[in-house]
Amino acid sequence: MRGLQRLAEYCSRAEGRCRRMGRSIRTVLQVLALLFPTLLVLLPLLLLVTGSVAGNGELGRYLETVFYDGTDYITWKIVPDYPTFANYGKLLFMTPQFFVLFWNSVKMEVCILAGQMLVSVPAAWAFAAYQVRYGKALFTLYVVLMLLPFQVTMLSSYLVLDRLALLNTHGAVILPAVFSAFPVFLIYGGFRGIPPQLLEAARMDGAGEWKIFCSVGLPLGRSGLLSAFVLGFLEYWNMMEQPLSFLADQSLWPLSLYLPQITWSQAGYAFAASVITLIPAVFVFVWGQDYLEQGIVFSGLKE
Amino acid sequence: MKKRNAGVKRRRDTRAFFLFAAPSLAGVLIFVLIPFLDVVGRSFRTVAAGRFAGISNYRTVFTNQAFLLAVKNTVRFTLVCIPLLVAVSLLIALPLSRLKSAGTVKSLYLFPLAMPTATIVMVWKIVFYRQGFLNLFLTRLGAWTGLWGEIHYDYLNSSAAFAVLVFSYIWKNTGYTIVLWLAGILGIPDELREAARVDGASERQVFLRVVFPNLKGCLYTIVILSFLNSFKIYREAYLVAGSYPQQDIYLLQHLFNNWFVNLELDKMAAATVCVGVFLFIVIMLLQRMWDSREE
């Protein structure tokens, strides 16, 4: 009798151990399944960085087959034999064109983001804080505008930019972006969590509408603002369609259009330029990751 | 007394609304709405003389081979990409939502969002080149298993270019979609799941009957945002293959760009109106569907 009891006890313990082991194996498998695609994200980065510090001679050997159209495969080394920063040096100190385009990018980015903040923040506040007739219909219009791809608005933008004589100036890229509907929607997502009673209470205390906006809205809606900033930065740093369509003069182009112009014979140089283009984006990404996620969630909210 | 208060409140709200929204409304009016009316007007006129041409522009567009090809490819791309993206990201988001330290994994998935297109295209060119990494890897795999010989397939200049674009789109947008899914999944109260488990539901049933129905609203926004982002694949397509790519990846975006460059504005106006109206209807329908479900 006692033996049987002990056997039962043993069995149940063994079963528990098995189940626990099964569970930990499943966890490991899950983590691996999650990490494999992660490799797909990191490998390209690794490729760029190693390519940019391999010397031109070495890179030439890796990519030999590309130049001669041969039948061998590309070769690569995770750590180059003779790492060098020569390509960075050449790019930063001997290529004035690179500098011009870099500053074009920075200039457009700063103007667009500043303009968007000035225009979109009050507009988002208006939609979030005040109930007006047709307010909902107007907001739906903004949502539709936000969802229209560039190609649909391209001709309209072209016509108005032509009329305002802005074509082939940075204004042609900056102004339409400033009035984009997307940041209004994101910032609205940050404002909509503020309870209306709070605004009512502020009004009771005699605060004017502007005062309420500045001292209640802005501090409480900060996350929406920063989300719009981070998502906007990444979007416009990567902007291609607008400058390609509206800027004929290549000296006005942003960095994002410069990279594709570099040919294979200057591969090391292209890798270095890629890495430098990547740095501001990575910086903003790391700094603003929480806001980026927040912004994505806001972009998914329905009004 | 109360009624008058309401009236005062309404007037105050209206005034404040328009003061705050004025710059944005003016900008949208000047840069989008008024010129769009101009586009509608132009779509009924000839480009040179500006004479009224009826629907002849529309007729030209709908019999244009390039337009039909571009529409076909764009529709095909959307129909392949969006279900794939939705499924892949859900499959990753579900285990992620149960993981306690999901932060690092999540940021790794989000990273492609920060990677400028021009940068990543460099990498794809090397990977998918005739003698590139993918073929190198496949050849090694073939040698190892002894199943196939050397592979020299040119992905970028054949119909496989379509698959490369799909891959690139999934690569870029998975992180974004995972975050949206996670927000939806974590928004479902744990009690709901617990209650189902107590009632004896299996994990599979819990997912199908409790989790999934609660994610329908989430699905709507994901589909709509993925659709919006799918138009940006033009960047990759353009950088890999230029204005006139292999014909399987000739998209509406290429067509618009080429008409624009060639100043064929009458055709472009008609096509803009068609695509715009079509998208408007799709967005409204999706929104209507979502609203009726919520109630």
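Among the helices of chain B, those built from whole DSSP H runs whose Cα atoms reach 27 Å or more along their own axis and whose mean Kyte-Doolittle hydropathy is at least 0.0 are B:65-98, B:160-186, B:265-294. Dipole of the protein assembly as shown computed with +1 at Lys/Arg Cβ and -1 at Asp/Glu Cβ about the Cα centre; of A:P83, B:A270, B:L37, farthest Cα towards the positive end is B:L37. Remark: spin-label model distance A:W210-B:L263 equals 4.8 nm, labels positioned 7 Å along the Cα→Cβ axis.
The mean sequence distance of close C-alpha pairs (under 8 Å, at least 6 residues apart), as a share of the length of chain A, puts its relative contact order at 25 percent. Inter-chain Cβ neighbour count for B:275-283, averaged per residue, equals 3 (cutoff 10 Å, partner chain atoms only).
Once both labels are positioned 7 Å from their Cα atoms along Cα-to-Cβ, the gap between B:F52 and A:F85 label points is 7.0 nm.
Taking chain B as a Gaussian network of alpha-carbon nodes connected by springs under 10 Å, the highest mean-square fluctuation of the residues B:G50, B:G200, B:G175 belongs to B:G200. Each other residue within a Cβ distance under 9 Å of A:A129 adds +1 if Lys or Arg and -1 if Asp or Glu, for a net charge of -2. Candidates B:A163, B:V206, B:A22 compared by Cα position along the dipole of the protein assembly as shown: farthest toward the positive end lies B:V206, with charges placed on Cβ.
Sparse packing (at most 13 other Cβ atoms within 10 Å of the Cβ) combined with a DSSP loop state is found for the following trypsin sites (Lys or Arg not before Pro) in region A:123-221: A:R133. Along chain B, the exposed loop sites are trypsin sites (Lys or Arg not before Pro) outside DSSP states H, G, I, E and B with at most 11 other Cβ atoms within 10 Å, and the longest stretch free of them is B:101-295.
The simple Förster model, with R0 at 60 Å and r as the Cβ-Cβ distance, assigns B:D154 and B:E194 a FRET efficiency of 0.65. Placing a label point 7 Å from the Cα of B:Y244 along the Cα-to-Cβ direction, the residues of region B:43-84 whose backbone N falls under 17 Å of that point are B:65-70. In this calculation the C-beta distance from A:Q250 to B:V282 is compared with R0 = 45 Å, giving a FRET efficiency of 0.75.
Under a Gaussian network description of chain B, with springs only between Cα atoms under 10 Å, the residue in B:P23, B:P83, B:P95 that fluctuates furthest is B:P23. With contacts taken as Cα pairs under 8 Å at a separation of at least 6 residues, region A:232-303 carries a relative contact order of 29 percent.
Note on chain A: with a GNM built from Cα contacts shorter than 10 Å, the maximum mean-square fluctuation among A:I187, A:I25, A:I174 falls on A:I25. The B:R12 and B:D38 beta-carbon pair, evaluated with R₀ = 60 Å, returns a calculated FRET efficiency of approximately 0.95. Toward the positive end of the charge dipole of the protein assembly as shown, with +1 on the Cβ of Lys and Arg and -1 on the Cβ of Asp and Glu, the farthest Cα among B:Q253, A:L292, A:M154 is that of A:L292.
For the protein assembly as shown, the spherically averaged projection of the C-alpha convex hull amounts to 38.7 nm².
What you get for the protein assembly as shown, charging only the Cβ of Lys and Arg (+1) and of Asp and Glu (-1), is a dipole of about 2040 debye around the Cα centre.
Rg/Rh for chain A (Cα atoms only, Rh after Kirkwood) is 1.15. The value of relative contact order for region B:68-294, using C-alpha pairs under 8 Å at least six residues apart, is 29 percent.
Distance from the alpha carbon centroid of region A:81-95 to that of region A:167-243 works out to 41 angstrom. With 10 Å bins beginning at zero, the pair-distance distribution over Cα atoms of chain B amounts to 5, 18, 23, 24, 18, 9, 2, 1, 0 %.
Cβ crowding within 10 Å, taken as a proxy for footprinting-reagent exposure, orders B:I188, A:I78 from fewest neighbours to most as A:I78, B:I188. Modelled label positions at A:V286 and A:V100, each set 7 Å beyond Cα in the direction of Cβ, lie 3.2 nm from each other.
Bear in mind these aren't lab numbers, they're just calculated from the coordinates by the rules spelled out. Being a predicted model, the structure only gives us computed values, none of them experimental. Here Cβ is always computed from backbone atoms with ideal geometry, including for glycine, and neighbour counts include all displayed protein chains.
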